[in-house]
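See below for the structure under consideration.
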Amino acid sequence: MFGKSRTLNAGLVSERPECNIAVLGVRGSGKSALTVKFLTKRFISEYDPNLEDTYASEEIVDQQSVLVKIMDTADQDGPVHCERYLSWASAFLVVYSIDNRHSFDGSQQYLDILSTRNRGLKPETPIILLGNKVDMERYRQVSKSDAGAVASRYGCLFFEVSACLDYLSVQSVFHEAVREVWRE
Ligand code: GDP
Ligand code: MG
């Protein structure tokens, strides 16, 4: 599950690892804000909710260079037409918002689809459950223990972050996704 791109460099062919991360979740959970934060270190508060795009960033993870491609998805009605990312991704980030129970329920629809797809796949495609908007702690509707229980039921990692707080926490989630791919 770990792609490599070939670049011609002064006559030498070098192989550069690539990792495709699909960012999934219900509308409004902060997929675009997290993607933009990872790519630019900045929080952009208003983002076109219908915009779906794929970006690339050259990253160093554990002293190794890797081209990370990120598909910031924008499903209209949950995981309905999902072939475009199911076949593309080497890892999935399933985002919900800790201040919105509905987004957490929606994230489980994604986990269902992904775990069904993973069944029988070797290696399985890593999945990370990601609670966003921890800056909204006062309005929390999803406890850490509920989310942790769901994550362990689906056999995925679980983190909480905020797209509008520190950059390093957001970066570390994307880097952890790359490590998960390497571990497969
Ligand atoms: P998407 O539909 O999943 O791509 O969600 P967006 O990235 O467009 O974000 C939806 C809304 O949530 C926007 O108004 C963002 O400003 C807001 N938002 C995103 N991330 C955070 C966060 O970490 N904290 C807070 N307070 N708001 C956020
Ligand atoms: Mg978006």
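Only one entry of LEU93, LEU114, LEU130, LEU121 meets the criterion of being surrounded by fewer than 23 Cβ atoms within 10 Å (Cβ to Cβ) and closer than 23 Å to ARG183 by Cβ, and that entry is LEU121.
Residues are listed down the side, and each one gets a yes or a no for (1) farther than 24 Å from GLY148 by Cβ; (2) more than 16 Å from ligand 2 (Cβ to nearest atom):
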site	(1), (2)
TYR47	yes, no
GLU52	yes, no
ILE70	yes, no
VAL80	yes, yes
TRP88	yes, yes
SER97	no, no
GLU124	no, yes
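Only a single criterion out of (1) at pLDDT 95 or above; (2) under 22 Å from HIS175 (Cβ atoms) is not satisfied by ALA74, namely (2). Tell me yes or no: at least one residue of the range 109-116 is within 25 Å of PRO17 (Cβ to Cβ), more than 11 Å from ligand 1 (Cβ to nearest atom) and either more than 17 Å from the chain's Cα centre (by Cα) or not aliphatic (A, V, I, L, M) (or both). Within the range 109-116, not a single residue is within 25 Å of PRO17 (Cβ to Cβ), more than 11 Å from ligand 1 (Cβ to nearest atom) and either more than 17 Å from the chain's Cα centre (by Cα) or not aliphatic (A, V, I, L, M) (or both).
Yes/no matrix, rows are residues, columns are (1) among the polar types (S, T, N, Q); (2) in contact with a Leu (Cβ under 8 Å, 6 or more places away or on another chain):
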| position | (1), (2) |
| --- | --- |
| THR54 | yes, no |
| ILE60 | no, no |
| MET71 | no, no |
| GLN76 | yes, no |
| PRO79 | no, yes |
| ALA89 | no, no |
| SER97 | yes, no |
| GLN109 | yes, no |
| THR116 | yes, no |
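Taking the range 134-157 as the range and being within 15 Å of the chain's Cα centre (by Cα) and open to solvent by 50 Å² or more (accessible area, probe 1.4 Å) as the test, only LEU157 passes.
With respect to the conditions (1) open to solvent by 20 Å² or more (accessible area, probe 1.4 Å); (2) within 15 Å of the chain's Cα centre (by Cα), ASN50 lacks only one, and its number is (2).
The residue that is farthest from ARG101 (Cα to Cα), counting only those in the range 119-169 that are touching a residue at least 40 places away in the same chain (Cβ under 8 Å) and among the polar types (S, T, N, Q), is THR125. Identify, please: which residue in the range 53-63 is open to solvent by 60 Å² or more (accessible area, probe 1.4 Å) and away from ligand 1 (no atom under 16 Å from the Cβ) and is, among those, nearest to the chain's Cα centre (by Cα)? By that ranking, first place goes to ALA56. When VAL66 is tested against the conditions (1) open to solvent by less than 60 Å² (accessible area, probe 1.4 Å); (2) more than 19 Å from TRP182 (Cα to Cα), the lone failure is (2). Considering the range 30-45, the residues that are hydrophobic (A, V, I, L, M, F, W, C) and more than 11 Å from ligand 2 (Cβ to nearest atom) include one that is most open to solvent (accessible area, probe 1.4 Å), namely PHE43.
The values are calculated or read from the model by the stated rules, or taken from the named source; none is laboratory data. No experiment lies behind these values; they were computed from the predicted model shown. FYI the Cβ positions are ideal-geometry reconstructions off the backbone, even for glycines, and counts take in every protein chain you see. We work out accessible area using only protein heavy atoms, side chains counted, and drop any ligands, DNA or RNA first. Shrake-Rupley method; radii C 1.70, N 1.55, O 1.52, S 1.80 Å.
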